[in-house]
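Down below is the structure, laid out as structure tokens.
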Amino acid sequence: MHRFLDLADFSRDEIGALIELARRLEQHPEPRALAGRILGLVFFNPSLRTLASFQAGMARLGGTSFVITPGQGTWQLETRLGAVMNGAAAEHVREGLPVLASYCDALGIRAFAEGKDLARDLAEMQFSAMAGVIDKPLINLESAMNHPCQSLADWKTLDDLAVPQHAKFVLSWAQHPRALPLAVPAATVHMAAMRGMEVVVLRPEGYGLPPAVMDKARAAAAASGGSVRETASRAEALAGAQVLYAKEWGSTAHYGDAEGDAGLRAGLGDWCVTPEWFDLTDAECKFMHCLPVRRNVAVADAVLDSARSVVQREAHNRMTAQMAVLYRMLSRGV
Amino acid sequence: MHRFLDLADFSRDEIGALIELARRLEQHPEPRALAGRILGLVFFNPSLRTLASFQAGMARLGGTSFVITPGQGTWQLETRLGAVMNGAAAEHVREGLPVLASYCDALGIRAFAEGKDLARDLAEMQFSAMAGVIDKPLINLESAMNHPCQSLADWKTLDDLAVPQHAKFVLSWAQHPRALPLAVPAATVHMAAMRGMEVVVLRPEGYGLPPAVMDKARAAAAASGGSVRETASRAEALAGAQVLYAKEWGSTAHYGDAEGDAGLRAGLGDWCVTPEWFDLTDAECKFMHCLPVRRNVAVADAVLDSARSVVQREAHNRMTAQMAVLYRMLSRGV
Amino acid sequence: MHRFLDLADFSRDEIGALIELARRLEQHPEPRALAGRILGLVFFNPSLRTLASFQAGMARLGGTSFVITPGQGTWQLETRLGAVMNGAAAEHVREGLPVLASYCDALGIRAFAEGKDLARDLAEMQFSAMAGVIDKPLINLESAMNHPCQSLADWKTLDDLAVPQHAKFVLSWAQHPRALPLAVPAATVHMAAMRGMEVVVLRPEGYGLPPAVMDKARAAAAASGGSVRETASRAEALAGAQVLYAKEWGSTAHYGDAEGDAGLRAGLGDWCVTPEWFDLTDAECKFMHCLPVRRNVAVADAVLDSARSVVQREAHNRMTAQMAVLYRMLSRGV
């Protein structure tokens, strides 16, 4: 495997094989598999799970990693082509990233959406510009519209819990003090569709996912026997749901407009997931969230601390799933 | 060993065995003892010695570590139970810490005193809340009122230097531009008492250690044949002292009140340890300090640069003592 | 090798042997050569290449490294002797550095010029004060007036490209938004002179390198059959040049005077290296730069993206050259 940038680049069988490999490495550790291999991790945005799980995963396979955080101990990196660099950024990604790539065997990059121009973010302009200058194996640690490591971990979590392939999966918008990127909702709706689930995106008016995101998910659903639809009706969405996946994101109707978004979300205080949300769902309905989560803003304590919450397993599967990706990319025997 | 949170959780024999193990690992390195083992280090507060000595110690035993610094490359973590998280913290320790623990084999956490409510800090409310959500082996890297790694290193230093068990040990307050936490003085008075020493806490009025701290130290002294007393008289304290351990801390009479503390400490400029302090002590009196130290504010150059200063040995013993703790916690053979 | 602080401390044969060793380790990796060895890296100033290349290089040789960044997760360190430390710095290098050295097998330190007093920076007052308290092997990761790791990498790059020993080597000043330190130009002019090249320093009036720097380079040239001269004439400098090495630095006529420097550089907008600069050079003239570089301020895109640019090879050679240094310092068999 040379690149792990988008779950859509892989077939369902390939995803299944990755999850199988993740399980094998859980049960039969291979602490020397990546001995001498080096992973570079570049974080343009903050991280906790990704930072820790990749370092720990590499170490569990015998490899090493180093971390670069532009702007923090390292200068800021410019991403615009042709820029006259007389501002804050002291180095261009066209120099910085190939250099870092030349020191390691694989590179992971996190670069959130710019959050100004939806078309630009949907086109992954920034991440693509960076990917284009790197010839080493590359992992997307979260880009403008994707988070394949999270999605692979979530897929494994659904499998671990034996959630049926065609179960009803609700991705629900949740409250947050400000507009967050679309990467996780976009990746999640696609992942669940690709897995073959009955996917319902539940969100208030003004927070519909972009047509390009929904179309990509629908294409995946068509191939897997799943379905994808959107609604603003909580009752309709939650009825019989077997998975409720909550996520915060910014208004697409006011993309890049913090004030417009704030005006909309001010009236949405009841989009904090509480135990009552599960009155309509399947009795066994699981609660998922990629974390970090703001307790009692996006999700109530009583949900996060309940038996239906599987957020810890999702987070732990970040490491197990990523170990499979790293193994495929870097182990010499495969 | 599952937890290393407080020296008081161990018997004198257990401490002795740890110091013995530290010596054995110094003389007979075991560079593969912790191969494949992973230590997570979480710093809510800055660190130099702890950060470097734990990483180096793990590496010397063949293990790996990763570092998480909330608020710096990682979002801030909320610690209050039931909080409505609409402020700066993006994640709660109830999610973040179990996740990090799930990636590693042992976790170390540094979380200084909140410094507002003495009773709350004495009860270790914050550290306990964090320890309570972690089921992996856990190390206290300095909490509100404790610093067991420093105390174990100091105990080993006293043993290395063959300081007699019942020698006179003076813990003296020292000047600093602002009120520092009570963790090191509280841990130090207990450590010296537990070792059986004649402990004198020398401090100006308004800087007495909390009764709970003194009572705990006195109980330890009672079991070890030592003693613990307090005084504001430098002459009385230093007479015949074999160890002078200087430390800066905030006024307990003005706990959480920076202005009140500043008013008191403004008149205490002569609480900078100078060579003259040793006129009354035993001729061989050692000078100790946990570092970092502000030269010529808390301690004069002439003391730190003299042969009686053992601060470098103390700091080096941070690594050797911690290696024994890590070995006990994580080596599969023991 | 105990210290790697200045290329001038080594003979040409010793440099040649280091480059030979670097090549051998490229062709025949020794992934266990430094097993169990620990490198401490202390960055008083930001870094990308140095941070990543040293960590990756240590890992490729089987060793481990830890990183300390004073002021960022670690308190600031005081360097002045005799200081009354009542300001921002919580610890003195006289405590902090020996402690860090005691945890590792070799220490690397980056500490840029203070940039106020040229004589003080030329004397390497700050770096020397730090080197003086460390008894472990020590590497200069860039000091006020030196950057031996960069120079060794550049020398290897010239050898890799078979640039003739006596070729014409132009070190040219380049534009930048503000005054940068003299470390790289000072190290580069000396390196090229020591290699035996015909060195021309091309710079506008007010940006001449300090006499002490030029004299040191001339002494090296005298021993190697090279030469060193300065000019403000681009035509004279570039005629027949086989290497053009661009670098930004501050006015020596206005050292420590940001306003004076800004006044001078405001009129120097045409000191951005463009393809036209190569009209006069040898057709095969290589373009070098140590990076980071501000595109279209110091160097035009069309130069950096051309085949004559070897900046990526220089940066990659940071790792290969440093691995030779680490191997010489730390491998037990040598």
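The values are calculated or read from the model by the stated rules, or taken from the named source; none is laboratory data. None of these values were measured; they are calculated from a predicted model. Because the Cβ atoms are built from the backbone with ideal geometry, glycine has one as well, and the counts that use them run over all protein chains shown.
Here is how the numbers come out for the structure above:
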quantity	calculated
Lone unmet requirement of (1) farther than 21 Å from C:F112 by Cα; (2) buried (at least 22 other Cβ atoms within 10 Å of the Cβ) for C:A153	(1)
C:G196 farther than 25 Å from C:L264 by Cβ and either touching a helix residue (DSSP H, G or I) at 6+ places or on another chain (Cβ under 6 Å) or at pLDDT 95 or above (or both)	yes
Count of the stretch A:99-122 residues which are farther than 30 Å from C:S309 by Cβ and without any contact (Cβ under 8 Å) to a residue 60 or more places away in the chain	1
Qualifying residue in the stretch C:30-52 (condition: crowded, with 24+ Cβ neighbours inside 10 Å, facing chain A (nearest Cβ under 10 Å), more than 20 Å from the chain's Cα centre (by Cα) and touching a residue at least 60 places away in the same chain (Cβ under 8 Å))	no
Boolean, C:G206 is modelled with pLDDT under 95 and out of contact with any strand residue (DSSP E or B) (no Cβ under 8 Å at 6 or more places or on another chain)	no
Matching residues, the stretch A:68-77, being more than 7 Å from chain C (Cβ to nearest Cβ) and crowded, with 23+ Cβ neighbours inside 10 Å	A:L77
Residue that is surrounded by the fewest Cβ atoms within 10 Å (Cβ to Cβ), among those in the stretch B:56-67 that are in contact (Cβ under 8 Å) with a residue 12 or more places away in the chain and within 12 Å of chain A (Cβ to nearest Cβ)	B:G62
Residue in the stretch C:108-129 that is within 25 Å of B:C290 (Cβ to Cβ), outside the structural domain of C:D257 (by TED's automatic domain parsing) and at pLDDT below 95 present	yes
Residue within the stretch B:261-271 that is modelled with pLDDT of 95 or more, within 14 Å of chain C (Cβ to nearest Cβ) and in contact with a helix residue (DSSP H, G or I) (Cβ under 6 Å, 6 or more places away or on another chain) present	no
Residues of the stretch B:115-130 satisfying the condition of being buried (at least 19 other Cβ atoms within 10 Å of the Cβ), touching a helix residue (DSSP H, G or I) at 6+ places or on another chain (Cβ under 9 Å) and within 18 Å of B:E95 (Cβ to Cβ)	B:Q126, B:M130
Positions within the stretch A:227-253 being without any contact (Cβ under 8 Å) to a residue 40 or more places away in the chain and touching a strand residue (DSSP E or B) at 6+ places or on another chain (Cβ under 7 Å), in sequence order	A:S227, A:V228, A:R229, A:E230, A:T231
Among (1) outside any loop (DSSP other than H, G, I, E, B); (2) within 23 Å of the chain's Cα centre (by Cα); (3) hydrophobic (A, V, I, L, M, F, W, C) - the single one B:L264 does not satisfy	(2)
Among (1) away from chain A (no Cβ under 14 Å); (2) within 28 Å of B:L34 (Cα to Cα); (3) among the hydrophobic types (A, V, I, L, M, F, W, C); (4) surrounded by 22 or more Cβ atoms within 10 Å (Cβ to Cβ) - the single one B:A106 does not satisfy	(1)
So B:S224, is it in contact with an Asp or Glu (Cβ under 7 Å, 6 or more places away or on another chain), touching a residue at least 24 places away in the same chain (Cβ under 8 Å) and assigned by TED's automatic domain parsing to the domain that holds B:A174	no
Options A:V93, A:V84; residue that is farther than 28 Å from B:S102 by Cα, among the hydrophobic types (A, V, I, L, M, F, W, C) and in contact with a helix residue (DSSP H, G or I) (Cβ under 6 Å, 6 or more places away or on another chain)	A:V93
Unique residue being touching a strand residue (DSSP E or B) at 6+ places or on another chain (Cβ under 8 Å), of a type outside the set (F, W, Y) and buried (at least 20 other Cβ atoms within 10 Å of the Cβ) when the list is B:R265, B:R295	B:R295
Qualifying residue in the stretch C:295-304 (condition: closer than 29 Å to A:N86 by Cα, in a helix (DSSP H, G or I), at the interface with another protein chain (Cβ under 10 Å from one of its Cβ atoms) and among the β-branched types (V, I, T))	no
Number of the exception - B:L122 against (1) within 14 Å of chain A (Cβ to nearest Cβ); (2) of a type outside the set (K, R); (3) over 24 Å from B:R318 (Cβ atoms)	(1)
Condition check for C:Y255: crowded, with 24+ Cβ neighbours inside 10 Å and of a type in the set (S, T, Y)	no
Residues being within 14 Å of another protein chain (Cβ to nearest Cβ) and more than 30 Å from A:T74 (Cβ to Cβ) - total across the stretch C:280-294	0
Qualifying residue in the stretch B:267-275 (condition: over 29 Å from C:R80 (Cα atoms), hydroxyl-bearing (S, T, Y) and touching a residue at least 12 places away in the same chain (Cβ under 8 Å))	no
A:V325 being buried (at least 20 other Cβ atoms within 10 Å of the Cβ) and not in a helix (DSSP H, G or I)	no
Any hit, the stretch B:176-193, residues being more than 18 Å from the chain's Cα centre (by Cα) and of a type outside the set (G, A, S)	yes
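Condition check ((1) more than 22 Å from the chain's Cα centre (by Cα); (2) closer than 30 Å to B:G269 by Cβ; (3) in the same structural domain as B:G40 (by TED's automatic domain parsing)) across all residues:
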position	(1), (2), (3)
B:E284	yes, yes, no
B:C290	no, yes, no
B:V297	no, yes, no
B:D305	yes, yes, no
B:A321	no, no, yes
B:V325	no, no, yes
